[in-house]
1. Here's a check for you: in the range 42-88, which residue that is without any contact (Cβ under 8 Å) to a residue 24 or more places away in the chain and within 23 Å of Pro14 (Cβ to Cβ) is most open to solvent (accessible area, probe 1.4 Å)?
2. I'd like the full set of residues that are open to solvent by 30 Å² or more (accessible area, probe 1.4 Å) and within 17 Å of Gly86 (Cβ to Cβ), limited to the range 22-41.
3. Which numbered condition trips up Thr41, out of (1) outside any loop (DSSP other than H, G, I, E, B); (2) of a type in the set (S, T, N, Q); (3) over 10 Å from the mean Cα position of the chain (by Cα)?
4. Kindly list the number of the only condition in (1) more than 16 Å from Glu95 (Cβ to Cβ); (2) out of contact with any Gly (no Cβ under 8 Å at 6 or more places or on another chain); (3) not in a loop (DSSP other than H, G, I, E, B) that fails for Pro24.
5. Out of Val92, Val104, report the one residue that is modelled with pLDDT of 90 or more and either hydrophobic (A, V, I, L, M, F, W, C) or under 18 Å from Glu16 (Cα atoms) (or both).
6. Give the number of residues within the range 50-85 that are at pLDDT below 80 and touching a strand residue (DSSP E or B) at 6+ places or on another chain (Cβ under 8 Å).
7. How many of the residues in the range 1-13 are at pLDDT 75 or above and either outside any loop (DSSP other than H, G, I, E, B) or open to solvent by 50 Å² or more (accessible area, probe 1.4 Å) (or both)?
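The values are calculated or read from the model by the stated rules, or taken from the named source; none is laboratory data. This is a predicted model, so every value here is computed, not measured. Because the Cβ atoms are built from the backbone with ideal geometry, glycine has one as well, and the counts that use them run over all protein chains shown. Remember, those area values only see protein heavy atoms, side chains included, never the ligands or the DNA or RNA. Shrake-Rupley method; radii C 1.70, N 1.55, O 1.52, S 1.80 Å.
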Amino acid sequence: QPKIDETNTGALIPTESHAAGAPPEDGIVIFAGKNAKSGQTVVIQAKDGTEYWYGELYALQCKIYDKVTKDQIVGIAGEKEGKEVGQYYFAVKKEGVFIDPQQVLQLEP
């Protein structure tokens, strides 16, 4: 099981309830399941070794060793306290170190 981001470098991404999470590039699913700290989690590894983590998901849309393409739905964000808003955890691990996810994705403030 991949080691969760101990440095808390990842971000909680606010979104609509049940919105889909998708990777920014092609890769392979190296973990899909329950993680002690991030709940339902998918980890995608790109060809260069970069890992994209999606956690706190309501539902997974892939399984371990699946090949996924850029923008393919890999998980669904849950609902937050019965409201029409949700969130999911997103982290990026590059060369064995968790980095600021804003270096990869343009996140709205």
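1. Only one residue fits best here, namely Glu81.
2. Across the range 22-41, the qualifying residues are Ala22, Gln40.
3. Condition (3) is where Thr41 drops out.
4. If we test Pro24 against (1) more than 16 Å from Glu95 (Cβ to Cβ); (2) out of contact with any Gly (no Cβ under 8 Å at 6 or more places or on another chain); (3) not in a loop (DSSP other than H, G, I, E, B), just (3) comes out false.
5. Val92
6. The total comes to 5.
7. The first filter runs over the range 1-13 and keeps only residues at pLDDT 75 or above, leaving 10-13.
Add one more test, that the residue is either outside any loop (DSSP other than H, G, I, E, B) or open to solvent by 50 Å² or more (accessible area, probe 1.4 Å) (or both), and what stays is 11-13.
Of the residues in the range 1-13, 3 are at pLDDT 75 or above and either outside any loop (DSSP other than H, G, I, E, B) or open to solvent by 50 Å² or more (accessible area, probe 1.4 Å) (or both).
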